[in-house]
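Below is one structure; the comments refer to it alone.
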Amino acid sequence: MTDFDVVIRGGHVVIESDLIEHDVGIKDGVVAELCDSIDGGKRILDASGKLVLPGGIDGHCHIAQLSSFGVETADDFTSGSISAACGGTTTIIPFAPQRKGEGLREAVEAYRQKAEGKSVIDYGFNLIVSDPTPTVLEDELPGLVTEGHTAVKIFMTYDAVRLDDRQVLSVLEKARDLGVITMVHAENHDLIMWSIERLLKSEDTAPRFHASAHPPESEREAVYRIIALAEAVGAEILVVHLSTKEAIEEVRRAQVRGVPVLAETCPQYLVLSDADMDRPGFEGAKFVFSPPARSLATQEFIWEGITEGVIQAYHSDHAGYRFNDPEGKKVHGDTAPFNRIPNGVPGLETRLPILFSEGFRKGRIDLRCFVELTATNPARIFGLYPRKGTIMVGSDADIVIWDPEKHVTLSIDALHDNMDYTPYEGMEVEGWPVTTLSRGRLVWHEGAVLGEPGAGRLLSRGKPQTAELRRKTND
Ligand code: URP
Ligand code: ZN
Ligand code: ZN
């Protein structure tokens, strides 16, 4: 008889699409047995009345990253990974950012050093390509892909990182040849710049004008264009942070045509709105991110994009800049015009509870959809399935026990990131992760952080396995 290291007893376990009352036996960091009843075990975790779900995978988050605004995001790999784990996430895949003029391997190596010995959960790197020289594409990227960094990210806006269409095509073509996915931040740069110029001339500088500078048309045009470029090349893309009805329409149309385009959204587009940027004084700066939150009515279109299967992934886009910090939101002072406020909101820890509560508990999505969006689909997209993103014999024991009835009022005081605010302060959620295991090790349990910095490993990932997701989209 196997002597399990951990047995999770009596919980309702999500196994692929089914919810089954099962015990889970864990040995040497992996799921070793799943059955009605398991005896023994060095440590027993009682999950009766609870849900046992695969740990979340956050495939889009900015940790220890120098932003295009010249300031570093607030979390390092220790605070970021702890915060993620306390919110039910067991894998983070932040970005190794290439600066223009810098080599890609150099960028990855610098980022590897920043991460080393710090994370409490497993992590990977997605590669921001901002300078796709022949050396980068021909000499560096193939080797990095072989080493397991199997997604690149490109930007269509932000001066420091954006690519022109010709450069976009060269990255897409190489990504296609290497069999990796390209994540795309899609907004029309010139429309944004033109809008900013006009707004500043009229002295419309308050944080709320950030929304006016990034109109829905800017997202629709860029989403349409990146789809056309990807289609021309035959490359697979993941359009990140969809925020508008218009962008969803473009993605849906392309998916129906059979173009390999996947889409992501984030919590901020489901529960925040443009009204938040209009809070008094400089408070609105806390809600400045790109693309911006839209109208309350738009939130319903995003939910529809999820339930219709146009959107396959739900990541945080965590990009935390502290509010009362000269290296944060106020880097250009507390009366800075909207275009000089670093873009981004935190969300590593609140990502899953918000979807669980607003989606599952409120009946908008079922538990299967919750697990797909937060774990299984990201695992497929980022080449981690079935090692991660699912609970099956042989998978890493990256498991979260949820109390589906726990009521929590979100507050910065209870979160574990390095921030001084949360955009969700005061929001009530129902359902919370009470235990998080990373490869069978307790990292968060009954209100205590038990994870050890350095225990998380840098993942070497496989190629995306997205055929299954595209088939579902086309059904
Ligand atoms: O406002 C945002 N989203 N900041 C993070 C960088 C990006 O655009 O993804
Ligand atoms: Zn972005
Ligand atoms: Zn981002």
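No value in this document is a laboratory result; all are computed from the given coordinates. Worth saying up front: this structure is predicted, and the values here are computed from it rather than measured. All Cβ positions, even for glycine, are placed from backbone atoms using ideal geometry, and neighbour counts span all protein chains on display.
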Could you give the distance between the Cα centres of region 365-383 and region 17-68, to the whole Å? 14
Ranked by Cβ crowding within 10 angstrom, fewest neighbours first, how are Asp334, Asp58 ordered? Asp334, Asp58
Order 8-20, 288-300 from most to least packed using the mean count of other Cβ atoms within 10 Å. 288-300, 8-20
Please give the net charge around Ala213, taking every other residue with its beta carbon less than 13 angstrom from that of Ala213, where Lys and Arg add +1 and Asp and Glu add -1. -3
Just want the answer: with Cβ charges of +1 for Lys and Arg and -1 for Asp and Glu, which residue in Ile412, Pro423, His445 is farthest toward the dipole's positive end in region 403-445? His445
Pull up all non-local amide H partners of Leu262: gap of 5 or more, or a different chain, and H-to-H distance under 5 Å with H placed in the peptide plane. Ile237, Leu238, Val239
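When Lys and Arg each count +1 and Asp and Glu each count -1, what net charge do the other residues less than 13 Å away from Arg198, Cβ to Cβ, add up to?
-3
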Could you sort 164-177, 209-222 so that the peptide with the highest average Cβ count within 10 Å comes first and the rest follow in order? 209-222, 164-177
Sorted largest first, extent of region 1-115 alpha carbons per principal axis (Å): 58, 26, 24
Counting other beta carbons within 10 Å of each Cβ, put His22, His445, His416 in order, fewest first. His445, His416, His22
Under a point-charge model restricted to the Cβ atoms of Lys and Arg (+1) and Asp and Glu (-1), what is the dipole moment magnitude of region 1-56 relative to its Cα centre, in debye to the nearest 20? 240
Taking only the alpha-carbon positions of the chain and ignoring solvent, what does the Debye formula give for the base-10 log of I(q)/I(0) at q = 0.14 Å⁻¹? -1.40
The chain: angle of helix 189-201 to the longest principal axis, Cα-based, in degrees nearest 10: 60
Ratio to report: Rg/Rh of region 203-273, with Cα atoms as the point set and Rh obtained by the Kirkwood method; give two decimals. 1.05
Exposure proxy order (Cβ contacts within 10 Å, fewest to most) of Ser83, Ser48: Ser48, Ser83
Any idea what angle helix 296-307 forms with the longest principal axis of the chain, computed on alpha-carbon atoms, 0 to 90 degrees, nearest 10? 50
Which value, in debye to the nearest 20, describes the size of the charge dipole of the chain about its Cα centre when Lys and Arg Cβ atoms bear +1, Asp and Glu Cβ atoms bear -1, and nothing else is charged? 500
Run lengths n ≥ 4 of DSSP H only: what is the helix-derived mean residue ellipticity at 222 nm for the chain, with -39500 (n - 2.57) per run over all residues, to the nearest 500? -8000 deg cm²/dmol
Overall Cα dimensions of region 322-475 - principal axes, largest extent first, Å: 53, 38, 36
Under a Cβ-Cβ cut-off of 11 Å, what is the net charge of the residues other than Leu437 that fall near it, where Lys and Arg count +1 and Asp and Glu count -1? 0
P(r), alpha carbons of region 118-233 - 5 Å bins starting at zero, rounded %: 2, 11, 19, 18, 15, 12, 10, 8, 4, 1, 0
Highest mean first, what order results for 33-45, 347-359, 262-274 on Cβ atoms within 10 Å? 347-359, 262-274, 33-45
What angle do you read, to the nearest 10 degrees and between 0 and 90, between the alpha-carbon axis of helix 165-178 and the longest principal axis of the chain? 30
Rg and Dmax of region 69-128, using alpha carbons, in Å: what are they? 12.1, 38
